[in-house]
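The values are calculated or read from the model by the stated rules, or taken from the named source; none is laboratory data. Remember, it's a predicted structure, so these values are computed and weren't measured experimentally. Here the Cβ is made from the backbone with ideal geometry for all residues, glycine too, and neighbour counts use every protein chain on show. Ligands, DNA and RNA are stripped out before the accessible areas are found, and what is left, the full protein with its side chains, is counted by its heavy atoms. Shrake-Rupley method; radii C 1.70, N 1.55, O 1.52, S 1.80 Å.
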Amino acid sequence: MTTASGAGPLPGPPDPLAEPSARVRGGWTASLSLANAAIWIGWYGPIQILLASQAAEYAAGHGMSKETMLAWVTGAGAMVALVANPVFGALSDRTASRFGRRRPWTLAGALLGALSLLLLGQARGLWTMVVAWCLVQLTLNAAFAAVTAAVPDRVPRLQRGTVGGWLGAAQILGVVAGTGLATLTGGVAAGYAACAACAALGVLPYLRRPEAPLPAAARPAWSARGFLAGFLLDPRRHPDLAWAWLTRFLVNLANAVGLLYLLYFLRDAVGHRDPEQGVFVLTAINAAALLATVVAGGAWSDRTGRRKPFVLGSGVLMAVATALLAGWQTWPGAITAAVLLGIGFGIFTSVDFALMTDVLPEAAARGRDLGVINIANSLPQVLAPALAAPVVALGGYTSLFLAATVAALAGAVLVHRIRGVA
(Lines give C-alpha, C1' and ligand atoms only; values in the text may rest on other atoms or scores of the structure.)
Protein backbone atom coordinates (compact mmCIF):
# COMPACT_ATOMS: atom_id res chain seq x y z
CA MET A 1 0.00 0.00 0.00
CA THR A 2 1.36 3.47 -0.91
CA THR A 3 0.53 7.03 -0.07
CA ALA A 4 -1.48 9.18 -2.48
CA SER A 5 1.69 10.86 -3.68
CA GLY A 6 3.39 7.54 -4.30
CA ALA A 7 6.04 8.35 -1.72
CA GLY A 8 6.27 4.78 -0.48
CA PRO A 9 4.59 2.29 1.79
CA LEU A 10 2.59 3.38 4.78
CA PRO A 11 4.06 2.29 8.11
CA GLY A 12 2.37 -0.68 9.71
CA PRO A 13 2.92 -3.04 12.61
CA PRO A 14 6.34 -4.73 12.54
CA ASP A 15 7.11 -8.39 11.89
CA PRO A 16 5.83 -10.15 15.04
CA LEU A 17 9.08 -12.11 15.46
CA ALA A 18 11.50 -9.28 14.67
CA GLU A 19 13.22 -7.10 17.23
CA PRO A 20 11.26 -3.81 17.07
CA SER A 21 13.18 -0.70 16.04
CA ALA A 22 10.55 1.99 15.33
CA ARG A 23 9.47 3.97 18.38
CA VAL A 24 5.80 3.60 19.32
CA ARG A 25 3.65 6.72 19.44
CA GLY A 26 1.91 8.18 22.45
CA GLY A 27 -1.50 7.00 21.29
CA TRP A 28 -0.38 3.38 21.23
CA THR A 29 1.15 3.67 24.70
CA ALA A 30 -1.99 5.39 26.03
CA SER A 31 -4.31 2.71 24.64
CA LEU A 32 -2.16 -0.10 26.04
CA SER A 33 -1.97 1.65 29.42
CA LEU A 34 -5.75 2.06 29.47
CA ALA A 35 -6.19 -1.64 28.76
CA ASN A 36 -3.79 -2.44 31.60
CA ALA A 37 -5.68 -0.15 33.99
CA ALA A 38 -8.99 -1.78 33.00
CA ILE A 39 -7.67 -5.23 33.88
CA TRP A 40 -6.40 -4.02 37.27
CA ILE A 41 -9.79 -2.44 37.97
CA GLY A 42 -11.32 -5.87 37.39
CA TRP A 43 -8.94 -7.38 39.92
CA TYR A 44 -8.75 -4.81 42.66
CA GLY A 45 -12.35 -3.72 43.04
CA PRO A 46 -13.06 -7.26 44.27
CA ILE A 47 -9.79 -7.73 46.18
CA GLN A 48 -9.93 -4.47 48.11
CA ILE A 49 -13.66 -4.24 48.89
CA LEU A 50 -16.18 -6.56 47.28
CA LEU A 51 -14.86 -10.01 48.18
CA ALA A 52 -14.40 -8.91 51.79
CA SER A 53 -17.98 -7.63 51.89
CA GLN A 54 -19.32 -10.93 50.57
CA ALA A 55 -17.21 -12.92 53.02
CA ALA A 56 -18.48 -10.83 55.92
CA GLU A 57 -22.07 -11.52 54.86
CA TYR A 58 -21.87 -15.26 54.13
CA ALA A 59 -19.08 -16.63 56.34
CA ALA A 60 -21.31 -17.35 59.33
CA GLY A 61 -23.47 -19.65 57.23
CA HIS A 62 -20.41 -21.81 56.59
CA GLY A 63 -19.32 -21.88 60.23
CA MET A 64 -16.13 -19.93 59.64
CA SER A 65 -14.78 -16.44 60.22
CA LYS A 66 -14.88 -13.84 57.47
CA GLU A 67 -11.06 -13.79 57.44
CA THR A 68 -10.90 -17.55 56.84
CA MET A 69 -13.50 -17.45 54.10
CA LEU A 70 -11.73 -14.57 52.34
CA ALA A 71 -8.43 -16.44 52.59
CA TRP A 72 -9.94 -19.52 50.91
CA VAL A 73 -11.37 -17.48 48.04
CA THR A 74 -8.33 -15.31 47.38
CA GLY A 75 -5.91 -18.20 47.89
CA ALA A 76 -7.69 -20.33 45.28
CA GLY A 77 -7.68 -17.41 42.86
CA ALA A 78 -3.98 -16.78 43.43
CA MET A 79 -3.14 -20.37 42.54
CA VAL A 80 -5.14 -20.07 39.31
CA ALA A 81 -3.33 -16.83 38.47
CA LEU A 82 0.09 -18.45 38.94
CA VAL A 83 -0.72 -21.01 36.25
CA ALA A 84 -2.96 -18.98 33.94
CA ASN A 85 -0.56 -16.15 33.15
CA PRO A 86 2.27 -18.19 31.62
CA VAL A 87 -0.13 -20.67 29.95
CA PHE A 88 -2.11 -17.96 28.16
CA GLY A 89 1.10 -16.16 27.29
CA ALA A 90 2.34 -19.34 25.63
CA LEU A 91 -0.96 -19.85 23.80
CA SER A 92 -0.85 -16.29 22.47
CA ASP A 93 2.70 -16.95 21.18
CA ARG A 94 1.26 -19.72 19.00
CA THR A 95 -1.83 -17.85 17.77
CA ALA A 96 -1.81 -17.36 14.00
CA SER A 97 -5.05 -15.36 13.75
CA ARG A 98 -5.35 -12.69 11.07
CA PHE A 99 -6.03 -10.24 13.91
CA GLY A 100 -2.60 -10.88 15.43
CA ARG A 101 -1.19 -12.97 18.25
CA ARG A 102 -2.21 -10.85 21.23
CA ARG A 103 -5.45 -9.03 20.37
CA PRO A 104 -7.73 -12.12 20.27
CA TRP A 105 -6.67 -13.07 23.79
CA THR A 106 -7.01 -9.50 25.04
CA LEU A 107 -10.57 -9.30 23.70
CA ALA A 108 -11.66 -12.76 24.85
CA GLY A 109 -10.05 -12.38 28.26
CA ALA A 110 -11.60 -8.98 28.92
CA LEU A 111 -15.11 -9.95 27.79
CA LEU A 112 -15.13 -13.27 29.64
CA GLY A 113 -13.57 -11.53 32.64
CA ALA A 114 -16.44 -9.04 32.67
CA LEU A 115 -18.97 -11.89 32.55
CA SER A 116 -17.13 -13.66 35.37
CA LEU A 117 -17.28 -10.49 37.49
CA LEU A 118 -21.03 -10.30 36.94
CA LEU A 119 -21.30 -13.95 37.97
CA LEU A 120 -19.23 -13.24 41.07
CA GLY A 121 -21.63 -10.45 41.98
CA GLN A 122 -24.40 -13.07 42.25
CA ALA A 123 -22.39 -15.49 44.43
CA ARG A 124 -24.05 -16.27 47.75
CA GLY A 125 -21.65 -18.71 49.40
CA LEU A 126 -18.11 -20.04 49.65
CA TRP A 127 -18.00 -22.38 46.67
CA THR A 128 -19.79 -20.11 44.24
CA MET A 129 -17.38 -17.35 45.26
CA VAL A 130 -14.38 -19.64 44.81
CA VAL A 131 -15.49 -20.78 41.34
CA ALA A 132 -16.42 -17.30 40.13
CA TRP A 133 -13.24 -15.66 41.46
CA CYS A 134 -11.11 -18.38 39.87
CA LEU A 135 -12.88 -17.66 36.57
CA VAL A 136 -12.10 -13.96 36.99
CA GLN A 137 -8.44 -14.75 37.58
CA LEU A 138 -8.34 -17.19 34.66
CA THR A 139 -9.88 -14.84 32.11
CA LEU A 140 -8.30 -11.53 33.15
CA ASN A 141 -4.89 -13.21 33.27
CA ALA A 142 -5.43 -14.23 29.65
CA ALA A 143 -5.91 -10.56 28.78
CA PHE A 144 -3.04 -9.42 31.01
CA ALA A 145 -0.58 -11.92 29.51
CA ALA A 146 -1.39 -10.65 26.03
CA VAL A 147 -1.17 -6.96 27.00
CA THR A 148 2.19 -7.48 28.71
CA ALA A 149 3.66 -9.37 25.75
CA ALA A 150 2.72 -6.52 23.40
CA VAL A 151 5.60 -4.46 24.82
CA PRO A 152 8.55 -6.58 23.61
CA ASP A 153 6.57 -7.23 20.40
CA ARG A 154 6.25 -3.53 19.52
CA VAL A 155 8.52 -1.34 21.67
CA PRO A 156 12.24 -0.89 20.95
CA ARG A 157 14.61 -1.56 23.85
CA LEU A 158 15.46 2.04 24.64
CA GLN A 159 11.79 3.03 24.91
CA ARG A 160 10.71 0.18 27.18
CA GLY A 161 11.51 1.95 30.44
CA THR A 162 9.18 4.80 29.53
CA VAL A 163 6.40 2.51 28.32
CA GLY A 164 6.89 0.29 31.38
CA GLY A 165 6.55 3.39 33.55
CA TRP A 166 3.21 4.30 31.98
CA LEU A 167 2.00 0.73 32.44
CA GLY A 168 3.06 0.91 36.08
CA ALA A 169 1.21 4.19 36.55
CA ALA A 170 -1.86 2.66 34.90
CA GLN A 171 -1.67 -0.27 37.29
CA ILE A 172 -1.68 2.05 40.31
CA LEU A 173 -4.54 4.11 38.93
CA GLY A 174 -6.43 0.90 38.15
CA VAL A 175 -6.08 -0.23 41.77
CA VAL A 176 -7.32 3.15 43.02
CA ALA A 177 -10.16 3.31 40.48
CA GLY A 178 -11.26 -0.26 41.21
CA THR A 179 -11.34 0.47 44.93
CA GLY A 180 -13.27 3.69 44.32
CA LEU A 181 -15.84 2.03 42.06
CA ALA A 182 -16.39 -0.76 44.57
CA THR A 183 -16.85 1.79 47.35
CA LEU A 184 -19.02 4.40 45.63
CA THR A 185 -21.45 2.37 43.52
CA GLY A 186 -23.66 1.45 46.49
CA GLY A 187 -23.73 -2.32 46.79
CA VAL A 188 -21.83 -5.49 45.95
CA ALA A 189 -23.70 -6.30 42.72
CA ALA A 190 -23.43 -2.70 41.48
CA GLY A 191 -19.73 -2.63 42.32
CA TYR A 192 -19.08 -5.77 40.31
CA ALA A 193 -21.11 -4.41 37.39
CA ALA A 194 -19.05 -1.20 37.35
CA CYS A 195 -15.77 -3.12 37.44
CA ALA A 196 -17.02 -5.46 34.70
CA ALA A 197 -17.94 -2.53 32.45
CA CYS A 198 -14.50 -0.97 32.89
CA ALA A 199 -12.73 -4.28 32.21
CA ALA A 200 -14.66 -4.78 28.96
CA LEU A 201 -14.67 -1.22 27.64
CA GLY A 202 -11.16 -0.22 28.68
CA VAL A 203 -9.47 -2.59 26.23
CA LEU A 204 -11.38 -1.36 23.16
CA PRO A 205 -9.05 1.54 22.16
CA TYR A 206 -6.07 -0.82 22.19
CA LEU A 207 -7.94 -3.43 20.11
CA ARG A 208 -8.35 -0.85 17.36
CA ARG A 209 -4.56 -0.73 16.92
CA PRO A 210 -3.29 -2.97 14.10
CA GLU A 211 -1.14 -5.98 14.92
CA ALA A 212 0.81 -8.04 12.41
CA PRO A 213 -0.36 -11.66 12.28
CA LEU A 214 1.98 -14.56 12.90
CA PRO A 215 2.44 -16.54 9.66
CA ALA A 216 1.10 -20.05 10.08
CA ALA A 217 4.45 -21.41 8.85
CA ALA A 218 6.23 -19.65 11.73
CA ARG A 219 4.08 -21.30 14.40
CA PRO A 220 6.09 -23.92 16.31
CA ALA A 221 5.16 -27.56 15.85
CA TRP A 222 2.84 -28.76 18.59
CA SER A 223 4.12 -31.14 21.24
CA ALA A 224 2.48 -31.48 24.63
CA ARG A 225 5.80 -32.42 26.19
CA GLY A 226 7.59 -29.50 24.56
CA PHE A 227 4.80 -27.10 25.51
CA LEU A 228 5.02 -28.07 29.19
CA ALA A 229 8.83 -28.16 29.19
CA GLY A 230 8.90 -24.56 27.98
CA PHE A 231 7.64 -23.35 31.35
CA LEU A 232 10.72 -24.65 33.17
CA LEU A 233 13.25 -21.87 33.73
CA ASP A 234 16.66 -23.43 33.08
CA PRO A 235 19.41 -21.30 34.67
CA ARG A 236 22.08 -23.10 32.66
CA ARG A 237 20.56 -22.23 29.28
CA HIS A 238 19.28 -18.77 30.17
CA PRO A 239 21.23 -17.49 33.19
CA ASP A 240 20.29 -13.82 32.64
CA LEU A 241 16.60 -14.66 32.68
CA ALA A 242 17.02 -16.72 35.85
CA TRP A 243 18.93 -13.99 37.70
CA ALA A 244 16.40 -11.38 36.56
CA TRP A 245 13.56 -13.58 37.84
CA LEU A 246 15.25 -14.00 41.22
CA THR A 247 15.91 -10.26 41.49
CA ARG A 248 12.26 -9.45 40.82
CA PHE A 249 11.06 -12.14 43.23
CA LEU A 250 13.21 -10.92 46.13
CA VAL A 251 12.35 -7.24 45.73
CA ASN A 252 8.63 -8.02 45.41
CA LEU A 253 8.87 -10.30 48.44
CA ALA A 254 10.45 -7.47 50.44
CA ASN A 255 7.63 -5.13 49.40
CA ALA A 256 4.92 -7.70 50.20
CA VAL A 257 6.38 -8.56 53.60
CA GLY A 258 6.87 -4.90 54.44
CA LEU A 259 3.22 -4.04 53.78
CA LEU A 260 1.49 -7.20 54.98
CA TYR A 261 1.00 -6.39 58.67
CA LEU A 262 0.89 -2.61 58.40
CA LEU A 263 -2.42 -2.35 60.27
CA TYR A 264 -1.18 -4.49 63.16
CA PHE A 265 2.18 -2.70 63.18
CA LEU A 266 0.52 0.70 63.59
CA ARG A 267 -1.74 -0.60 66.32
CA ASP A 268 0.69 -2.72 68.33
CA ALA A 269 4.15 -1.21 67.76
CA VAL A 270 3.52 2.43 66.86
CA GLY A 271 0.44 2.85 69.06
CA HIS A 272 -1.45 4.90 66.48
CA ARG A 273 -4.78 6.11 67.86
CA ASP A 274 -6.62 5.18 64.63
CA PRO A 275 -4.64 2.46 62.83
CA GLU A 276 -7.20 2.05 60.01
CA GLN A 277 -6.90 5.73 59.14
CA GLY A 278 -3.14 5.42 59.49
CA VAL A 279 -3.04 2.63 56.91
CA PHE A 280 -5.07 4.78 54.51
CA VAL A 281 -2.72 7.75 54.96
CA LEU A 282 0.42 5.65 54.49
CA THR A 283 -1.08 3.91 51.44
CA ALA A 284 -1.91 7.28 49.86
CA ILE A 285 1.59 8.62 50.57
CA ASN A 286 3.19 5.49 49.18
CA ALA A 287 1.04 5.59 46.03
CA ALA A 288 1.80 9.28 45.45
CA ALA A 289 5.55 8.67 45.74
CA LEU A 290 5.28 5.68 43.42
CA LEU A 291 3.32 7.63 40.81
CA ALA A 292 5.84 10.47 40.98
CA THR A 293 8.74 8.18 40.09
CA VAL A 294 7.42 5.27 38.03
CA VAL A 295 7.36 7.10 34.66
CA ALA A 296 10.31 9.38 35.38
CA GLY A 297 12.50 6.47 36.48
CA GLY A 298 11.77 4.48 33.33
CA ALA A 299 12.37 7.48 31.06
CA TRP A 300 15.67 8.27 32.81
CA SER A 301 16.78 4.68 32.33
CA ASP A 302 15.94 4.90 28.61
CA ARG A 303 17.97 8.10 28.22
CA THR A 304 21.05 6.57 29.83
CA GLY A 305 20.63 3.20 28.14
CA ARG A 306 21.23 1.46 31.48
CA ARG A 307 19.03 -0.70 33.71
CA LYS A 308 21.12 -2.32 36.45
CA PRO A 309 22.14 0.85 38.33
CA PHE A 310 18.48 1.84 38.65
CA VAL A 311 17.45 -1.60 39.90
CA LEU A 312 20.34 -1.57 42.38
CA GLY A 313 19.52 1.94 43.62
CA SER A 314 15.80 1.26 43.97
CA GLY A 315 16.42 -1.98 45.86
CA VAL A 316 18.81 -0.25 48.26
CA LEU A 317 16.27 2.55 48.81
CA MET A 318 13.58 0.00 49.66
CA ALA A 319 15.98 -1.72 52.04
CA VAL A 320 16.58 1.60 53.79
CA ALA A 321 12.81 2.05 54.11
CA THR A 322 12.23 -1.34 55.72
CA ALA A 323 15.27 -0.88 57.97
CA LEU A 324 13.71 2.38 59.17
CA LEU A 325 10.52 0.49 60.06
CA ALA A 326 12.64 -1.98 62.03
CA GLY A 327 14.51 0.66 64.03
CA TRP A 328 12.29 3.77 64.10
CA GLN A 329 8.85 2.52 65.06
CA THR A 330 7.04 5.84 65.30
CA TRP A 331 4.46 7.60 63.16
CA PRO A 332 7.06 9.98 61.60
CA GLY A 333 9.24 6.92 60.92
CA ALA A 334 6.35 5.15 59.19
CA ILE A 335 5.65 8.20 57.00
CA THR A 336 9.31 8.50 56.02
CA ALA A 337 9.46 4.79 55.19
CA ALA A 338 6.26 5.05 53.10
CA VAL A 339 7.82 7.81 50.99
CA LEU A 340 11.11 5.95 50.48
CA LEU A 341 9.37 2.66 49.75
CA GLY A 342 7.12 4.36 47.17
CA ILE A 343 10.05 6.08 45.43
CA GLY A 344 12.11 2.90 45.37
CA PHE A 345 9.33 0.63 44.18
CA GLY A 346 8.21 3.16 41.58
CA ILE A 347 11.65 3.23 39.95
CA PHE A 348 11.98 -0.53 40.27
CA THR A 349 8.57 -1.20 38.68
CA SER A 350 9.33 0.53 35.39
CA VAL A 351 13.04 -0.22 35.02
CA ASP A 352 12.78 -3.86 36.07
CA PHE A 353 9.99 -4.37 33.52
CA ALA A 354 12.27 -3.00 30.81
CA LEU A 355 15.15 -5.16 32.04
CA MET A 356 12.95 -8.25 31.91
CA THR A 357 11.96 -7.64 28.31
CA ASP A 358 15.64 -7.10 27.45
CA VAL A 359 16.65 -10.60 28.65
CA LEU A 360 13.89 -12.58 26.92
CA PRO A 361 15.72 -15.37 25.08
CA GLU A 362 13.50 -15.84 21.99
CA ALA A 363 10.95 -13.75 20.12
CA ALA A 364 8.69 -16.72 19.41
CA ALA A 365 8.07 -17.29 23.15
CA ARG A 366 7.83 -13.76 24.55
CA GLY A 367 4.36 -14.28 25.99
CA ARG A 368 5.28 -17.54 27.70
CA ASP A 369 8.52 -16.21 29.15
CA LEU A 370 6.90 -13.02 30.43
CA GLY A 371 4.20 -15.17 32.01
CA VAL A 372 6.88 -17.15 33.85
CA ILE A 373 8.51 -13.88 34.88
CA ASN A 374 5.19 -12.55 36.16
CA ILE A 375 5.13 -15.42 38.67
CA ALA A 376 7.87 -13.47 40.44
CA ASN A 377 5.22 -10.76 41.03
CA SER A 378 2.39 -12.97 42.26
CA LEU A 379 4.27 -15.71 44.15
CA PRO A 380 5.49 -13.31 46.87
CA GLN A 381 1.87 -12.37 47.59
CA VAL A 382 1.15 -16.05 48.23
CA LEU A 383 4.30 -16.73 50.26
CA ALA A 384 4.41 -13.53 52.33
CA PRO A 385 1.73 -14.55 54.87
CA ALA A 386 3.29 -17.99 55.41
CA LEU A 387 6.77 -16.51 55.87
CA ALA A 388 5.82 -13.45 57.89
CA ALA A 389 3.65 -15.09 60.55
CA PRO A 390 6.40 -17.23 62.17
CA VAL A 391 8.94 -14.39 61.91
CA VAL A 392 6.63 -12.05 63.82
CA ALA A 393 5.83 -14.77 66.36
CA LEU A 394 9.53 -15.36 67.05
CA GLY A 395 11.04 -11.89 66.80
CA GLY A 396 8.28 -9.31 66.48
CA TYR A 397 8.00 -6.57 63.88
CA THR A 398 11.68 -5.65 64.12
CA SER A 399 12.62 -9.11 62.83
CA LEU A 400 9.94 -8.92 60.13
CA PHE A 401 11.22 -5.65 58.69
CA LEU A 402 14.85 -6.75 58.96
CA ALA A 403 13.94 -9.83 56.92
CA ALA A 404 12.38 -7.53 54.31
CA THR A 405 15.58 -5.46 54.34
CA VAL A 406 17.70 -8.54 53.65
CA ALA A 407 15.42 -9.61 50.77
CA ALA A 408 15.52 -6.15 49.15
CA LEU A 409 19.31 -5.90 49.45
CA ALA A 410 19.78 -9.41 48.05
CA GLY A 411 17.58 -8.60 45.06
CA ALA A 412 19.45 -5.34 44.47
CA VAL A 413 22.89 -6.93 44.62
CA LEU A 414 22.04 -9.97 42.49
CA VAL A 415 21.12 -7.77 39.53
CA HIS A 416 24.86 -7.54 38.83
CA ARG A 417 24.85 -11.24 37.92
CA ILE A 418 22.93 -10.33 34.75
CA ARG A 419 25.47 -10.05 31.95
CA GLY A 420 23.45 -9.13 28.88
CA VAL A 421 22.10 -5.81 30.16
CA ALA A 422 24.02 -2.68 31.15
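Excluding ligands, DNA and RNA, what is the solvent-accessible area per residue of region 182-228 at a probe of 1.4 Å, expressed in Å²? All intermediate terms of the calculation are to be shown ahead of the outcome.
Working: 2710 Å² over 47 residues.
Ligands and nucleic acids excluded, the figure is 58 Å² per residue.
With charges only on Cβ, +1 for K and R and -1 for D and E, what is the dipole size of region 122-225 about its Cα centre, in debye, rounded to 20?
Numbers: 8 positive and 2 negative charges, 53 e Å.
With Lys and Arg at +1 and Asp and Glu at -1, about 260 debye.
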Problem - region 242-294 versus region 90-110: alpha-carbon centroid distance in Å - result: 35 Å
Practice task
Using R₀ = 30 Å, calculate the FRET efficiency as 1/(1 + (r/R₀)^6) where r is the Cβ-Cβ separation of Thr304 and Arg417; round to 0.05.
Solution key: 0.90
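Of all accessible surface on the chain at a 1.4 Å probe, what whole percent is carbon and sulfur? Walk me through the numbers before you get to the answer.
Details: 12270 of 18200 Å².
Result for the chain: 67 percent of the exposed heavy-atom area is carbon or sulfur.
Per residue, how large is the accessible surface of region 65-181? Use a 1.4 angstrom probe and give square angstrom.
Numbers: 4170 Å² over 117 residues.
Result: 36 Å² of accessible area for each residue.
Please give the charge dipole size of the chain, origin at the Cα centre, charges +1 on K and R Cβ atoms and -1 on D and E Cβ atoms. Round to the nearest 20 debye.
Values: 29 positive and 17 negative charges, 205 e Å.
With Lys and Arg at +1 and Asp and Glu at -1, about 980 debye.
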Practice task
Compute the distance in nm between two label points, each set 7 Å from the Cα along the Cα-to-Cβ direction, one at Ser65 and one at Arg236.
Solution key: 4.8 nm
Handout entry: Nitroxide proxy distance, nm - points 7 Å out along Cα→Cβ at Ala363 and Ala221
Key = 2.2 nm
Handout entry: Kirkwood Rh and Cα Rg combined as Rg/Rh, region 25-181
Key = 1.03
Problem - Separation of alpha-carbon centers, region 352-422 and region 317-341, rounded to whole Å - result: 20 Å
Practice task
Rounding to the nearest 20 debye, state how big the charge dipole of region 173-303 is about its Cα centre with +1 on each Lys and Arg Cβ and -1 on each Asp and Glu Cβ.
Solution key: 440 debye
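Kirkwood hydrodynamic radius (Cα pairs, Å) of region 341-422?
Details: mean 1/r = 0.0674 Å⁻¹.
Evaluated on region 341-422, it is 14.8 Å.
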Exercise for the section: Sum -39500 (n - 2.57) across every DSSP H segment of at least 4 residues in the chain, then divide by the residue count to get the 222 nm mean residue ellipticity, nearest 500. Expected result: -25000 deg cm²/dmol
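I'd like to check one number: the per residue accessible area of region 336-395, probe 1.4 Å, reported in Å² as a whole number. Walk me through the numbers before you get to the answer.
Working: 1840 Å² over 60 residues.
Accessible surface, normalised per residue, equals 31 Å².
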Fill in the blank from the handout: Between the Cα axis of helix 308-327 and the main Cα principal axis of the chain, the angle (0 to 90°, nearest 10) is 10 degrees
